[in-house]
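Comments concern the structure below.
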Amino acid sequence: MLNNNYKIDEIEKENPYIVTVEDYYKSSLNDYDSFDKYSWNKGKGYSCPNFPIFDEKMEGLEDGLYLFAAESNMGKSAFMSNLLWDYCTNPDNNLFGVYFALDDTKQEMIPRLISMLELIPISIASKPSRYKEKIDLCEEGSSIYQEMLDKREHGLNTLKELNTRFKLEDSEKLDCGEKILDYCKKLKEYLKGYDPKTNLIIGIDSLFDLNFPSQKFKTDKEKNEYIAQEIKRWAKTEIKAPIFGTIHLRKIDKRRADISDVKESGRYIYDASVVFLLHNDVSRNGQNASIYYTQPNCDEFLPIIELQWAKNKKSSFKGITYYHLISNYSKVIECTEEEMKRFNNLRFSSK
């Protein structure tokens, strides 16, 4: 029997680190019951129908911090935006996606989204008057330009129609982490006013571009350690949502990167639920690449994104999945199982 004849209040006033005596047997049972209720209420997780193999390996997306790490020009922003779009536009998920483009403006990002949706060159989406002029002058290829301009209009209308599923923001409006957190809290409250079952999914490109003026940092390492812990806190307690974020890897000469190559702070790896390492052999080695795909009437090697599931606390999969990257369309398409097996054999035989 516990002896409860302690002057607990007086002791706690003297020492704030004293914890209250409890019925430890009972609280342990309560923890298990609470877990069981939470896991049943959580459901099966969110799905991404256009990435079926990724979806199978993820075993249902849930709240947490998901990092996409790569050197520059590997396709990490394109991959994250394609994936986030697929999650938030799947009606079964009841998700609203917000994408924070911190190193680009909305005017630069919207053409990429249109290009991704309609498979037209980014330049058509960003500079339509240039191609309208070619059509007016009856230049060669005018019919193709007109078809692409029609697709551009269709893509823009699609973005407008899905304004209840996706929103794009940039640093001109939200220039610091404190504002982004407040924005997300208010956005979530706004969404719940329409449908209490709606949740957020968030993309931040990139986490290294976040600033927190309320904090004082002596070094970049100190700043990035804070960012990693803070975004994890958003995902778990403040916003309670899946948060995707891109981070940069150090430039590697020959070998493929590993998680020790994260720039500035290893805290990102520690705090993330999942860490994806992206490699693009064509971007690295050009026409000497070993992992690539080709198209008819094209001699160039085209890029494949290798997505290594370097850390995964959300499902049982640890391995590599592969994706076609159509760079000039900002489009990512998942490889088939047969292609993935072939690329795996090539990747490990070329070591």
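Taken together, the criteria exclude PHE343 from residues that are surrounded by fewer than 18 Cβ atoms within 10 Å (Cβ to Cβ), over 30 Å from TYR226 (Cα atoms) and among the hydrophobic types (A, V, I, L, M, F, W, C). Consider region 194-252 and keep the residues that are out of contact with any Phe, Trp or Tyr (no Cβ under 8 Å at 6 or more places or on another chain) and aromatic (Phe, Trp, Tyr). The one that is nearest to THR105 (Cα to Cα) is PHE208. So CYS184 ticks every box in (1) assigned to a loop (DSSP other than H, G, I, E, B); (2) crowded, with 18+ Cβ neighbours inside 10 Å; (3) of a type in the set (A, V, I, L, M, F, W, C) but one. Which box is left unticked? Going through (1) assigned to a loop (DSSP other than H, G, I, E, B); (2) crowded, with 18+ Cβ neighbours inside 10 Å; (3) of a type in the set (A, V, I, L, M, F, W, C) one by one, CYS184 breaks only (1). Which residue is modelled with the lowest pLDDT, if the candidates are limited to region 266-299 and must be surrounded by fewer than 22 Cβ atoms within 10 Å (Cβ to Cβ), in contact with a strand residue (DSSP E or B) (Cβ under 9 Å, 6 or more places away or on another chain) and part of a loop (DSSP other than H, G, I, E, B)? Filtering first and then ranking leaves GLN295. Within region 31-64, restricting attention to residues that are assigned to a helix (DSSP H, G or I) and in contact with a Phe, Trp or Tyr (Cβ under 8 Å, 6 or more places away or on another chain), the residue that is surrounded by the fewest Cβ atoms within 10 Å (Cβ to Cβ) is LYS57. Taking the conditions (1) among the small types (Gly, Ala, Ser); (2) within 20 Å of ASP209 (Cα to Cα); (3) modelled with pLDDT of 95 or more in turn, GLY60 satisfies each one other than (2).
Among all residues of region 7-23, there is none that is surrounded by fewer than 10 Cβ atoms within 10 Å (Cβ to Cβ), modelled with pLDDT of 95 or more and not hydrophobic (A, V, I, L, M, F, W, C). Pairs meeting the criteria (first residue in region 203-218 and on the phi > 0 side of the Ramachandran plot, second residue surrounded by 14 or more Cβ atoms within 10 Å (Cβ to Cβ) and modelled with pLDDT under 95, beta carbons under 6 Å, at least 6 apart or on different chains) are lacking.
Looking at (1) buried (at least 17 other Cβ atoms within 10 Å of the Cβ); (2) not in a helix (DSSP H, G or I), which one does ILE227 not meet, given that it meets all the others? Unmet condition: (2). For region 148-163, the candidate set comprises residues that are of a type in the set (A, V, I, L, M) and farther than 20 Å from GLY97 by Cβ; within that set, the residue that is surrounded by the most Cβ atoms within 10 Å (Cβ to Cβ) is MET148. One residue alone among ILE305, ILE239, ILE326 is out of contact with any helix residue (DSSP H, G or I) (no Cβ under 8 Å at 6 or more places or on another chain) and among the aliphatic types (A, V, I, L, M), and that residue is ILE326.
The set of residues in region 122-147 being surrounded by 16 or more Cβ atoms within 10 Å (Cβ to Cβ) and within 14 Å of ASN328 (Cα to Cα) consists of ILE122, ILE124, ALA125, SER126.
Pull up region 65-84, narrow it to residues that are among the small types (Gly, Ala, Ser) and in contact with a Leu (Cβ under 7 Å, 6 or more places away or on another chain), then point me to the one that is surrounded by the most Cβ atoms within 10 Å (Cβ to Cβ). Ranking the qualifying residues of region 65-84, first place goes to ALA69. The residues of region 231-259 that are surrounded by 19 or more Cβ atoms within 10 Å (Cβ to Cβ) and of a type in the set (D, E, K, R) amount to a single one, LYS232.
Cβ separations smaller than 7 Å between residues 6+ apart or across chains give the following pairs from region 288-317 residues that are without any contact (Cβ under 8 Å) to a residue 60 or more places away in the chain to residues that are basic (Lys, Arg) and assigned to a loop (DSSP other than H, G, I, E, B): ASN312/LYS318. Just one of the listed residues (MET116, MET80, MET74) is in contact (Cβ under 8 Å) with a residue 60 or more places away in the chain, part of a loop (DSSP other than H, G, I, E, B) and either under 23 Å from ILE333 (Cα atoms) or over 19 Å from the mean Cα position of the chain (by Cα) (or both), and it is MET74. Filtered by the rule that a residue be touching a Ser or Thr at 6+ places or on another chain (Cβ under 6 Å) and modelled with pLDDT of 95 or more, region 329-351 gives TYR329, SER330.
The values are calculated or read from the model by the stated rules, or taken from the named source; none is laboratory data. What you see is a predicted model, and the numbers here were worked out from it, not measured in a lab. Every residue, glycine among them, receives a Cβ derived from its backbone with ideal geometry; neighbour counts consider all protein chains shown.
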